[in-house]
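Worksheet: the structure to be examined is printed underneath.
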Amino acid sequence: MSAKQGNRGNRINIRRITLYALLVSVCLIIGYLESLLSISLIALAPGVKLGLSNAITLTLICRGDIKGAWAVNIARIALSALLFGSPISFLFSLAGGVASTLTACLLSKLKSVSAIGISIAGGTVHNVFQCVAATAFVGVGVIYYLPALLVLGALCGVFCGTFVKLVLNKVKINGIF
């Protein structure tokens, strides 16, 4: 490999790292704004958020950047817990985030499943695994909240999936994907 080829490879890696850092930053801002909005929804469903930062992860998955999706999602979860949460919120988010990202990655291999379908599955799986994690701290009584979480996860999944579908149709990120 020549020196010129080596520099080009470094430039692409720097571009990717910069893009991922920017996406993590956007996820953190969106997550923070959603936490402010979720305060007004607390009577309807405590702790429920739209999960718009998951739309960024889903966009990366739909573009075929599985490693980038994992990197952005794990960094977002860790930094969000560090900045705005607690060790317990980190565990809940990690359980849901890993399960939903894995689900999205697996479903993205199927050409018959759209971004909306992947997002619905991801939203519901996320809530199931957060409930599983919560039972370790709160007890099995939290399971009674699961039906509402499944419905809300599916509705939020439709919203996020529709957003991702629009983004995929309109935005071209040249030279990176």
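The values are calculated or read from the model by the stated rules, or taken from the named source; none is laboratory data. Remember, predicted model here, so these are calculated numbers, not experimental data. Neighbour counts are summed over all protein chains in view; Cβ atoms, including those assigned to glycine, are modelled from backbone coordinates with ideal geometry.
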**Message:** Being over 14 Å from the mean Cα position of the chain (by Cα), closer than 27 Å to Leu22 by Cβ and surrounded by fewer than 17 Cβ atoms within 10 Å (Cβ to Cβ): is that true of Lys165 here?
**Reply:** no
**Fill in**
When (1) touching a residue at least 40 places away in the same chain (Cβ under 8 Å); (2) among the hydrophobic types (A, V, I, L, M, F, W, C); (3) more than 19 Å from Phe159 (Cα to Cα) are applied to Ala115, the one that fails is (3)
**Message:** Given the criterion closer than 20 Å to Thr124 by Cα, out of contact with any Pro (no Cβ under 7 Å at 6 or more places or on another chain) and modelled with pLDDT of 95 or more, identify the matching residue among Ile74, Ile42.
**Reply:** Ile74
**Asked** Of the numbered conditions (1) assigned to a helix (DSSP H, G or I); (2) at pLDDT below 95; (3) of a type in the set (A, V, I, L, M, F, W, C), Phe177 satisfies every one except a single condition; which is it?
**Response** (1)
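For the range 83-128, enumerate the residues that are hydrophobic (A, V, I, L, M, F, W, C), under 22 Å from Leu146 (Cα atoms) and surrounded by 21 or more Cβ atoms within 10 Å (Cβ to Cβ).
Hits for the range 83-128 are Phe92, Ala104, Ile118, Ile120, Val125.
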**Message:** Restricting to the range 69-82, count the residues that are touching a helix residue (DSSP H, G or I) at 6+ places or on another chain (Cβ under 6 Å) and either more than 23 Å from Leu33 (Cβ to Cβ) or crowded, with 21+ Cβ neighbours inside 10 Å (or both).
**Reply:** 6
**Complete:** By residue number, the members of the range 118-141 that are β-branched (Val, Ile, Thr) and either within 16 Å of Ser93 (Cα to Cα) or touching a residue at least 24 places away in the same chain (Cβ under 8 Å) (or both) are Ile118, Ile120, Thr124, Val125, Val128, Val132, Thr135, Val138
